[in-house]
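A short worksheet on the structure shown next.
The values are calculated or read from the model by the stated rules, or taken from the named source; none is laboratory data. Being a predicted model, the structure only gives us computed values, none of them experimental. As a convention, Cβ positions derive from the backbone with ideal geometry for all residues, glycine included, and neighbour counts pool all protein chains shown. For the accessible areas, the whole protein counts, side chains as well, though only heavy atoms, and no ligand, DNA or RNA atoms are used. Shrake-Rupley method; radii C 1.70, N 1.55, O 1.52, S 1.80 Å.
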Amino acid sequence: MKINNKNLKEFARIHAHLSGDGGLYYYKTSEKDRINRAEIVYFNNNKKLINSFRKDMNRLFGVKMSYNPKYIRIAVKSLRIADVLSRFGKYGTREWRIPKIIKFSNKKIMLEWIKAFSHDEGYLPKNRNIIRIKSMNFKGLEDVNKMLHFMEIESWITGK
C-alpha cells in the first residue's frame, strides 16, 4: 500500500485519530503460525467518529474492523497495515509528529488532519470563540501550530 494524493485525505484523518485517541501496538504472540502481531486501535464514544475511522481504514486498506461498544474501541489486527502506518512515525501520546507528507501538502489535507485531531483532543471553552487542544506532546503541538500559521490561522501554545 502506497500513500499518494488519491488517498492522502483518508491517511491524514487516520494518522490524526491514531495520534489523538488511538494507537498502533506491536506485540509477541504464542500462536503456532506467527511470532509477531500488531493491532491498530481507535477509542471514541462518538459513533460518527468511529464510523468515519472505519470508513477511512476500509478505503485505504480494504479492511473490516471489529467494534466493541462496551470498551468504545474499534480495532484490527494486521502487521501489513501497522508496517505501512509505522513508516510515518510513532503514535504514542508523547511521541507522535505530523509526517512531512501532511505538513507540506495542500491546505485541504492539513485541515483534514487538524479537524480529525481536534475531534479527539479539542474542546470549546464556554464564552470563548476558540478551539482549545490539549496534549502532552509539545513537539507535536509545535507541528500543529506551524500548520495553522501557514494557513494564517492564529494559534499559540501555552503551558510547559
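Which net charge results for the neighbourhood of GLU154, defined as the other residues with beta-carbon distances under 15 angstrom from its beta-carbon, given Lys and Arg at +1 and Asp and Glu at -1?
That sum, taken over residues with Cβ under 15 Å, equals +2.
Compute the long axis of helix 138-150 from its Cα atoms, compare it with the longest principal axis of the Cα atoms of the chain, and write down the angle in degrees, 0 to 90, nearest 10.
Taking the Cα atoms of the chain, the angle to 138-150 is about 60 degrees.
What pairs from LYS47/LYS70; LYS47/LYS115; LYS2/LYS115 go past 19 Å between their alpha carbons?
Check vs 19 Å cut-off fails for LYS2/LYS115.
Give the angle, between 0 and 90 degrees and rounded to the nearest 10, that separates the Cα long axis of helix 8-21 from the longest principal axis of the Cα atoms of the chain.
Tilt relative to the chain: about 90 degrees.
Can you list the lysines whose alpha carbon is less than 25 Å from that of LYS32, not counting same-chain residues fewer than 8 positions off?
Candidates past the 8-residue exclusion: LYS64, LYS77.
What net charge is computed for the residues neighbouring LYS28, neighbours being all others with C-beta under 11 Å from the C-beta of LYS28, Lys and Arg scored +1, Asp and Glu -1?
For residues surrounding LYS28, the net value is +1.
Share of the stretch 1-118's accessible area from carbon and sulfur, percent, 1.4 Å?
Answer for the stretch 1-118 is 50 percent, counting heavy atoms of protein chains only.
Rounded to the nearest whole Å², what accessible area per residue is found for the chain with the 1.4 Å probe?
64
Contour minus end-to-end for ARG80 and LYS146, with contour as 0.36 nm per residue of separation and end-to-end as the Cα-Cα distance?
20.6 nm
³J(HN,Hα) across the stretch 29-37 via Karplus (A = 6.51, B = -1.76, C = 1.60, θ = phi - 60°), whole Hz, x for Gly/Pro?
Once θ is set to phi - 60°, the couplings for the stretch 29-37 become 9, 9, 5, 4, 8, 8, 9, 10, 9 Hz.
From Cα coordinates alone, what are the radius of gyration and Dmax values for the stretch 1-88 in angstrom?
Values for the stretch 1-88 (Cα only, Rg and Dmax): 13.0, 39 Å.
To one decimal place, what orientation-averaged projected area in nm² is obtained for the convex hull of the Cα set of the chain?
Computing the convex hull of the Cα atoms and averaging its projections yields 10.7 nm².
Mind putting together the pair-distance distribution for the stretch 58-140? All Cα pairs, 10 Å bins, whole percent per bin, short to long.
13, 35, 40, 11, 1
Taking the Cβ of ASN44 as the center, what net charge do the other residues with Cβ under 10 Å away carry, scoring Lys and Arg +1 and Asp and Glu -1?
Here the count lands on +1.
Under the rule of -39500 (n - 2.57) per DSSP H run of 4 or more residues, summed and divided by the residues of the chain, what mean residue ellipticity at 222 nm is obtained, to the nearest 500 deg cm²/dmol?
-13000 deg cm²/dmol
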